[in-house]
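J.: One structure is given below, represented as C-alpha cells, and several questions about it will come after.
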C-alpha cells in the first residue's frame, strides 16, 4: 500500500489518530528524506510534537524511549527534530497570544 502524494512534500495516509494526543492524522511529511513514507520512517505530530514511526499500513505508533533517544543522539536527525519542535512551540505560543 503506497501513499498518494498530496503536494511536493506531503503524502496522504490512511486516516488515524496520533497515538500520543489523539489528533486526526491523514497526511505526513517524511522528516529526513522527503521521500514517500515507508514503514519505519519517522514523522512528528504537528499538534503535540510526538515522534511517530510509520507502520506497515502507513498509520503511526509513538516512538519508544529508546528510539527517541537514538534519533535525538544522531546529529542530523536530532537537529531536525529539535527544529520542528521549536517551530511548533513558537506556533502554539503565537496561537495562544492571538486568541
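J.: Mind ranking 58-65, 46-53, 15-22 by how tightly packed they are, going by the mean number of other C-beta atoms within 10 angstrom, highest first?
T.: On the way: 58-65: 16.4, 46-53: 18.1, 15-22: 14.0.
Ranked from most to least packed, the peptides come out as 46-53, 58-65, 15-22.
J.: Now for a different question. Would you calculate the separation in nanometres between label points at residue 68 and residue 47, each defined as 7 Å from the Cα along the Cα-to-beta-carbon direction?
T.: Once both label points are built, they end up 1.8 nm from each other.
J.: Let me ask something additional. With no solvent and one equal point scatterer per Cα, compute the Debye intensity ratio I(q)/I(0) for the stretch 21-99 at 0.12, 0.18, 0.25, 0.26 Å⁻¹ and report its log10, rounded to two decimals.
T.: -0.35, -0.76, -1.30, -1.37
J.: Run the numbers for residue 77 and residue 61: contour at 0.36 nm per residue of separation, minus the present Cα-Cα distance, in nm. Could you put the intermediate results ahead of the total?
T.: Working: separation 16, 0.36 × 16 = 5.76 nm, distance 1.81 nm.
4.0 nm is the gain from fully extending residue 77 to residue 61.
J.: Let me ask you something else. With label points built 7 Å along Cα→Cβ from the Cα atoms of residue 91 and residue 35, find their separation and express it in nm.
T.: With each label point 7 Å from Cα toward Cβ, the separation is 2.5 nm.
Values quoted throughout were computed directly from the atomic coordinates according to the rules given, and no laboratory measurement underlies them. A quick note: this is a predicted structure, and the numbers were derived from the prediction, not measured. Here the Cβ is made from the backbone with ideal geometry for all residues, glycine too, and neighbour counts use every protein chain on show.
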